[in-house]
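Asker: Got a structure here, written out as structure tokens. Questions coming.
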Amino acid sequence: MNDSPDSPELHSNRHLASKVWSRLGPWRWRLSLSLGLLVFSVPFINFHPLVWGIVADDLIEGSLTGQSLGIWLAIMMATYLIGLAANAWHTYLLEKTGQAFVKEIRSDLFRKFETQSLGYHRDRSTGELVTRITSDVDAMEQSVLQGITGLIEEVVTFVVVAGMVLWISPLVGALSILPLAFAFLFIRVYNKRVKAIYDGVRKRLGHIGSFVQDRLAGVQVTQSFGREGAEQADFDGRAESFYDASVKASRLRNTYFPIVSTFGFVNNLVMLGVGGWMILSGNEAFTIGALLAYRGFWWRLQSPIRTIAQTSDILQRARAAAERVFELLNEPVSVVDRLGAQTWVEKKGAIAFEEVDFSYLPSKPILRKVSFRIDPGEFVAIAGGSGSGKSTLLNLVPRFYDTTGGVIRLDEVDVRDYTLESLRAPIGFVGQDNYLFDGTVLDNLRYGKPEASVAMIEEAARAANAHDFIVDLPDGYETRVGQNGVKLSGGQRQRLSLSRAFLTEPQILLLDEPTASVEPESESMIHDSILRRTASGQGTTLLVTHRIDLLRQAPRILFLSEGRLAGDASHDKLLATCLDYADAYHRWEAEER
Ligand SMILES: Nc1ncnc2c1ncn2[C@@H]1O[C@H](COP(=O)(O)OP(=O)(O)OP(=O)(O)O)[C@@H](O)[C@H]1O
Ligand SMILES: [Mg+2]
């Protein structure tokens, strides 16, 4: 999923704003207080030029005394301090709200990621999801809250200061504000043009990110084929294209901003020119004090224009980030609890497939009308050629995917009628390659059963033939395994995964070629531990394998061929009756020799 579908609804700013607003629900009162404080603080903070004007006029008139000067200075200081305090409080409340908002969004996103089906995660890169939950959420907070209130602050400042300027002299005030109107018009045009360019800049940055993520993951492949130079050239091309887009944006920005600033500066000229001319011509309506006050106000009229121009940059970025975040939040979870789903209470471990169909893509059926029944405690092997649907079949049992036709029953109840939590708890799943979390061996083993005692953990590790190698590790059970267990061998990782599954005492154990990528010594240990479990009747076991010794020892084999159940019997019987199985078996036998 690289490009989001272009839905006009998502792209409307108002729609986005209403979404953000509805998410701000619990903090609306705090936000309102914060905005109230902001509006309150602006006139106080911007009061001082007025005092300058009044004091100057009094000086010229000769009416200023030491005492009145002192009073004016005190007023100037007091108004500024009041304004400053209110503004600081406003900012604190705003930032607090922003952080609370971010916390909720992150938590909701993480919940979404954790509950989405495997199909969802296979279609997406991890890096992309990480970016969303970190930088996109950040960008949203910074710009949605701070950008918008920055804008409000500037608009309020502009209105208040414009009011004071007009109040001092309607004529000079109006004439000096006029050029600013042109500046606003320019900003609008600029915004339209820059949007497309910024979209391009962002997209290119995204391309660089996903490229680096992918190539770092495969750095060993690159080095083994000696392709570093080619990868570097590819990367440089992407960086170059980002550079070009950024320079283009910079050129546009630096053509427009001087124009906008010029309009702002013209208003400086108008103030001094018209004001000075009125004083020269002896017009009583304008004084030197007024001129001085205007000088103080000028910057406060000019700065909102710059800020508004810059804020719109920030808002563009925020809009894109918010769109991506909401897109993820709104995505439906495909595998969910049914209404009125029941808890699976009395777990026996019977499995039944009834005419099960499944396809990942509508055009390509993977399983076709698969039916079989497995009694509680049975040990069944699943065999079949590569791509025949074995892994898919196992994945359907804990509802990593839902069937597209037919029903899967556990203890006679449709799996979709159980709550996901109670369905998955008694099912153990060990695949070809199982993820180990960055932590100690012990942390990983007790992942599915945090309350397990050390004795229970050791027992599970013994059952999976893992205990001996664990105690030989530098720190025994306290050894850190590294991300995805990089500090262990493939066989050791597999035996840990098996122990982790054994510890939860699963009623149903699903094993998907657990020895596929394992050296022979580990393999025989794993086989041994699986067979020990199945012999002791500790639950139902489904094992995908093409290892001949396991096939021979399995009491029953389901043989899949192109998504159909082509055979269902013991090894000897299949060998005699199922031609496809006999062919496949001889092939596997030859491979192992
Ligand atoms: N996420 C997916 N999206 C689309 N098609 C998929 C997906 N996963 C698997 N398939 C396809 O489904 C078919 C069955 O795959 P499956 O992994 O179940 O085969 P398998 O019998 O386990 O094979 P192997 O022995 O190689 O592990 C394959 O043709 C595969 O290309
Ligand atoms: Mg498979």
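Asker: Regarding D528, is this residue in the same structural domain as Q492 (by TED's automatic domain parsing) and either within 13 Å of ligand 1 (Cβ to nearest atom) or under 19 Å from Y585 (Cβ atoms) (or both)?
Answerer: no
Asker: Would you confirm, using the coordinates I've provided, whether I208 is modelled with pLDDT of 85 or more, under 30 Å from F429 (Cβ atoms), touching a Phe, Trp or Tyr at 6+ places or on another chain (Cβ under 7 Å) and among the β-branched types (V, I, T)?
Answerer: In short, no.
Asker: May I ask you to list pairs of residues, at least six apart or on different chains, whose Cβ atoms are under 7 Å apart, with the first in the stretch 388-409 being within 14 Å of Y360 (Cα to Cα) and more than 7 Å from ligand 1 (Cβ to nearest atom) and the second being assigned to a loop (DSSP other than H, G, I, E, B) and hydrophobic (A, V, I, L, M, F, W, C)?
Answerer: Correct list of pairs: R399/V335; D402/V335.
Asker: With the requirement that a residue be of a type in the set (A, V, I, L, M) and in a helix (DSSP H, G or I), what does the stretch 473-510 give you?
Answerer: Answer for the stretch 473-510, where residues must be of a type in the set (A, V, I, L, M) and in a helix (DSSP H, G or I): L496, L498, A501, L503.
Asker: Okay, moving on. Among the numbered criteria (1) at negative phi; (2) away from ligand 1 (no atom under 16 Å from the Cβ); (3) under 35 Å from the mean Cα position of the chain (by Cα), which one does I366 miss?
Answerer: Unmet condition: (2).
Asker: Separate question: Please verify whether the stretch 411-421 includes one or more residues that are of a type in the set (S, T, Y), surrounded by fewer than 19 Cβ atoms within 10 Å (Cβ to Cβ), assigned by TED's automatic domain parsing to the domain that holds L511 and free of Cβ contacts under 8 Å to residues at least 60 places away in the same chain.
Answerer: No, the stretch 411-421 contains no residue that is of a type in the set (S, T, Y), surrounded by fewer than 19 Cβ atoms within 10 Å (Cβ to Cβ), assigned by TED's automatic domain parsing to the domain that holds L511 and free of Cβ contacts under 8 Å to residues at least 60 places away in the same chain.
Asker: Please list, ordered by first then second residue, the pairs with beta carbon atoms under 6 Å, 6 or more apart or interchain, first in the stretch 501-519 and over 20 Å from A350 (Cβ atoms) and of a type in the set (D, E, K, R), second assigned to a helix (DSSP H, G or I) and within 11 Å of ligand 2 (Cβ to nearest atom).
Answerer: Pairs that qualify, where the first residue is over 20 Å from A350 (Cβ atoms) and of a type in the set (D, E, K, R) and the partner is assigned to a helix (DSSP H, G or I) and within 11 Å of ligand 2 (Cβ to nearest atom), are D512/S391; D512/L394.
Asker: Continuing with this model, one more query. Output the number of the condition that A584 fails; it satisfies all remaining conditions of (1) within 16 Å of ligand 2 (Cβ to nearest atom); (2) under 44 Å from the mean Cα position of the chain (by Cα).
Answerer: For A584, the failing item is (2).
Residue-wise test of (1) surrounded by fewer than 16 Cβ atoms within 10 Å (Cβ to Cβ); (2) touching a Lys or Arg at 6+ places or on another chain (Cβ under 9 Å); (3) under 30 Å from G163 (Cβ atoms).
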| site | (1), (2), (3) |
| --- | --- |
| S246 | no, yes, no |
| Y256 | no, yes, yes |
| S261 | yes, yes, yes |
| S281 | yes, no, yes |
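Asker: A further question follows. Is at least one residue of the stretch 334-357 without any contact (Cβ under 8 Å) to a residue 40 or more places away in the chain and either within 16 Å of ligand 2 (Cβ to nearest atom) or in contact with a Phe, Trp or Tyr (Cβ under 7 Å, 6 or more places away or on another chain) (or both)?
Answerer: Among the residues of the stretch 334-357, not one is without any contact (Cβ under 8 Å) to a residue 40 or more places away in the chain and either within 16 Å of ligand 2 (Cβ to nearest atom) or in contact with a Phe, Trp or Tyr (Cβ under 7 Å, 6 or more places away or on another chain) (or both), which makes the answer no.
Asker: Write out, first by first residue and then by second, each pair whose Cβ atoms fall under 8 Å of each other, whose residues are 6+ apart or on separate chains, and whose first residue, in the stretch 114-135, is in the same structural domain as S210 (by TED's automatic domain parsing) while the second is among the β-branched types (V, I, T) and within 16 Å of ligand 1 (Cβ to nearest atom).
Answerer: S117/V335
Asker: Now for a separate question. For the stretch 431-445, what are the residues that are buried (at least 19 other Cβ atoms within 10 Å of the Cβ) and modelled with pLDDT under 90?
Answerer: N434, L436, listed by residue number.
Asker: Right, something else. For A88, which of the numbered conditions (1) modelled with pLDDT of 90 or more; (2) under 27 Å from the mean Cα position of the chain (by Cα) fails to hold?
Answerer: (2)
Asker: Okay, moving on. Testing D234 on (1) part of a helix (DSSP H, G or I); (2) over 34 Å from the mean Cα position of the chain (by Cα), one condition comes back false. Which one is that?
Answerer: Unmet condition: (2).
Asker: Looking for whichever is within 16 Å of ligand 1 (Cβ to nearest atom), free of Cβ contacts under 8 Å to residues at least 60 places away in the same chain and surrounded by 14 or more Cβ atoms within 10 Å (Cβ to Cβ) here; the options are R564, R547. Which one fits?
Answerer: The match here is R547.
The values are calculated or read from the model by the stated rules, or taken from the named source; none is laboratory data. The model shown is predicted, which means the values in this text are computed figures rather than measured ones. Cβ atoms come from the backbone with ideal geometry, glycine included; neighbour counts cover every protein chain shown.
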